[in-house]
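Working notes for the structure below.
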Amino acid sequence: MTKVFVNPGHDQLELKGTSDYDPGAVNEEMGLYENEIAAAVGRLVEKYLTEAGCEVKSLQHESLRKIYETANEWGADLFISIHCNAFNGVANGTETLTYPSDMEGHKLAGCIQNQIVDSLGTYDRGLKARTDLAVLNGTDMPAVLVEMAFIDHPDDAVLLRDEQDEFARAIARGVTDYLSGY
Ligand SMILES: [Zn+2]
């Protein structure tokens, strides 16, 4: 059984009330918080992947180190971190990040990226290699970080608010596409 580790981003609870606390990106006008959207989509991804026959473990609210160490100790086969992007209110779309030398992660990222862009109709910003993200360089297994859409872009924000189930289904289908060698 494939073991998939799901990490909704941000909201490390032990830092709450300190200047280091990070709830992720916020759209104040619409009352949207990245950590909450990531948590909601993460719960649904867990549900759909479990239904698809995967073993799923999900962890948020901890330090990045604790998150990748937990995934490594559990022996996850795949690691998926779930995020919303933010920039200047104009940038929009979906992008999926991987560690440069992680070829299997790159394949998984392509499957997830295609599913999200196809089913949500978001702008395809493509796959991006990143060396500076702890959850990508600390994990021992193929790992991706999905930036589903931009929380500070009006159209993307509506999708993030109203289509969480569709994002989750797309991410889960991306995983099953990858596992079937698509
Ligand atoms: Zn984030």
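The values are calculated or read from the model by the stated rules, or taken from the named source; none is laboratory data. Computed from a prediction, not measured in an experiment: that's the story for all the values here. Cβ: placed from backbone, ideal geometry, glycine included. Neighbour counts: every protein chain shown. Only protein heavy atoms, including side chains, enter the accessible area calculation; ligands, DNA and RNA are left aside. Shrake-Rupley method; radii C 1.70, N 1.55, O 1.52, S 1.80 Å.
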List every residue pair whose Cβ atoms sit under 6 Å apart, with the two residues 6 or more apart in sequence or on different chains, where the first one lies in the range 79-97 and is farther than 19 Å from D118 by Cα and the second, anywhere, is of a type in the set (G, A, S) and within 12 Å of the ligand (Cβ to nearest atom).
S81/G9; A86/A25
Restricting to the range 1-41, name every residue that is farther than 17 Å from I171 by Cα and of a type in the set (G, A, S).
G17, S19, G24, A25, G31
Kindly list the number of the only condition in (1) over 29 Å from N88 (Cα atoms); (2) free of Cβ contacts under 8 Å to residues at least 24 places away in the same chain that fails for S58.
(2)
If a residue must be under 27 Å from L32 (Cβ atoms), in a helix (DSSP H, G or I) and open to solvent by 20 Å² or more (accessible area, probe 1.4 Å), how many such residues does the range 55-80 contain?
3
For the range 43-54, pairs from a residue that is at pLDDT 95 or above and in a helix (DSSP H, G or I) to a residue that is among the charged types (D, E, K, R) and open to solvent by 60 Å² or more (accessible area, probe 1.4 Å), with Cβ under 7 Å and 6 or more apart or across chains, are Y48/R169
Of the residues in the range 18-42 that are outside any helix (DSSP H, G or I) and within 15 Å of M148 (Cβ to Cβ), the one that is nearest to the ligand (Cβ to nearest atom) is G24
(1) closer than 22 Å to G24 by Cβ; (2) over 16 Å from the mean Cα position of the chain (by Cα): which one isn't true of M103, the others all being true?
(1)
Hey, can you tell me all the residues within the range 138-182 that are small (G, A, S) and buried (at least 19 other Cβ atoms within 10 Å of the Cβ)?
A143, A149, A157, A168, A170, A172, G174
Can you name the residue in the range 105-132 that is in contact (Cβ under 8 Å) with a residue 40 or more places away in the chain and closer than 21 Å to G75 by Cβ and, of all such residues, is surrounded by the fewest Cβ atoms within 10 Å (Cβ to Cβ)?
K107
